[in-house]
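For reference, the structure is listed below as structure tokens.
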Amino acid sequence: MLYSVYEMGHALSQGWRMSALGARAWANHPLNPLSSTLVGRSVAASAELVDRLTKRYDKPAWAIDSTEIDGKAVAVTPEVVWESPWVELVHFQRDLPKPRQTKSKKTETPKVLLVAPLSGHFATLLRGTVEAFLPDAEVYVSDWTDAKLVPVYEGRFDFHDYVDHVAEMIRQIGPCHVVAVCQPGPPVLAAASVMAEEKAPLRPLSLTFIGSPMDARRAPTVPNELAASRPFTWFKSNMIHTVPVPYPGAMRRVYPGFMQLAAFISMNHDRHMDAHYTYFEHLLEGDDDSAEKHRNFYDEYLSVLDLTEEFYLQTIDYVFQRHLLPEGQLMHRGRLIDPGAITDMAIMSVEGERDDIAGVGQCQAVHDLTPNLPQTLKTTLVQPGVGHYGIFTGSKFRRDVYPKILAHVMGAQTAKDRNASTTPKPKPKTKKAS
């Protein structure tokens, strides 16, 4: 019912939006004598604010068409290399010249799988992370599908399906370096543990967990406390709603993206109010550069997707209420997940000092969960002065965090290449003379 009410409210607001667009066009028209006055600019700025507060924010484009390698611009083309109804595995193909054959052995270009969070925002939230990695690696991203766009006949998608999808994407890429941003931490560790226990030849070379709730009991934040304070039945009764027509996923039960967005905004309500007031002032002053930065940020921030009922509720139950992974009780397809099986995947935890979503210590818990991994293969980073988003995007990420993640990845890649070069190749079998 709530979902239908939300859609109705959005539809009713479009009259206001059309009026605002008309007012903005009138206020900005060059033949309007008021267009260059404070009155005209005020009308135009107010109308644009109304437009942005009532518009629909669809999934943003990746908008990554080039990168710079060795001082030269290199074209980049996003390509879907594997997909299911629930995800597209996107490879950012770099248009590099074919390498010349040389006798010297160089470290192979690493393949990096960025596992995007499935917690409300689209994978394009990692645009800055992708751009940072592109000069140094072959980059792949899990681009999760909005649940309201998946027809009911495609079936369910739960926590265990997520684990299986991560494992399958790793197999599709081959030995790679997996970077889990925020929510994917626990299911990515589960997938890696299964692959390690099976001694899968295509298991990850390294794992990097960025702001992940590996043990949400450590330094609990407001979202952690909310998840722990409410009974599980409360989430099922209040947070799950039915997708209305005409969406392809009509009748699917979901946790709506607009509810997650409301939760995000409520955590920093004053900051968002100040940002929009400052945006209004920039419009009045004609500061187009600052206004465009605001638009770019909120075009991404306000675009959200729905999560399936089963995935959302199992995440609340497994990760934030019963803490099954750190308790050693997480079962997957009838088997107990044992991170202790990981013995050769270098692991790095990355946390932000000011993270108000995953407190400092929650991500570091991954090192306690992998007791059989040598300490030399474990790296811990707590970045001063940054919050949750600053540990995977933005200027501080590019300047301070990314170089350390790259060093972690290249260290694991170099070790892999060194082991491959020193491993003696089996001698070819010779046929016995008849």
*Taking segment 323-361, which trypsin sites (Lys or Arg not before Pro) meet the DSSP loop condition and have no more than 12 other C-beta atoms within 10 Å?*
R333
*Net length gained if the chain between R322 and H272 were fully extended (0.36 nm per residue, minus Cα distance)*: 14.7 nm
_the chain: relative contact order as a whole-number percent, Cα under 8 Å and 6+ apart_ = 18 percent
*Taking every DSSP beta bridge that has both residues in the chain, what percent is antiparallel when rounded to the nearest 5?*
50 percent
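If you take the Cα Rg of segment 200-350 and divide it by 2.2 N^0.38 Å, with N the number of residues, what do you get?
Compactness ratio reported: 1.37.
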*Determine the sum of side-chain charges near E138: Lys and Arg each +1, Asp and Glu each -1, restricted to other residues whose C-beta is under 11 angstrom from that of E138.*
0
_Within a 10 angstrom radius of the beta carbon, how do V5, V181, V163, V194 rank from fewest other beta carbons to most?_
V5, V194, V163, V181
*Cut-off under 5 Å, modelled amide H: who pairs with Q93 long-range*: T77, E79
_How would W16, W62, W26 line up from fewest to most surrounding beta-carbon atoms within 10 angstrom?_
W16, W26, W62
*Where does the charge balance sit around H10 when Lys and Arg score +1, Asp and Glu -1, over other residues with C-beta under 12 Å from its C-beta?*
+2
_Amide H within-cut-off set for M348, under 5 Å, with H built and near neighbours excluded_ = L207, T208, F209, T379
*Please quote Rg/Rh for the chain to two decimal places, taking the Kirkwood radius as Rh and restricting both calculations to Cα atoms.*
1.02
*segment 148-173-segment 316-358 distance, computed between alpha-carbon centres (Å)*: 19 Å
*With r defined as the distance between the Cβ atoms of A200 and H29 and R0 fixed at 56 Å, what FRET efficiency is calculated, to the nearest 0.05?*
0.30
*Take T370, T414, T376 and order them by how many other Cβ atoms sit within 10 Å, fewest up front.*
T376, T414, T370
_With bins 10 Å wide starting at 0, give me the P(r) of segment 1-56 over every alpha carbon pair, in whole percents._
26, 39, 21, 10, 3
*Putting +1 on Lys and Arg Cβ atoms and -1 on Asp and Glu Cβ atoms, find which of P78, S229, M410 reaches farthest to the positive end of the dipole of the chain.*
M410
*Along each of its three principal axes, how wide is the spread of alpha-carbon positions in segment 33-125, in whole angstrom units, largest first?*
72, 37, 16
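Bear in mind these aren't lab numbers, they're just calculated from the coordinates by the rules spelled out. Keep in mind it's a predicted model, so treat the numbers as computed, not measured. Please note: Cβ atoms are built from the backbone with ideal geometry, for glycine as well, and neighbour counts cover all protein chains shown.
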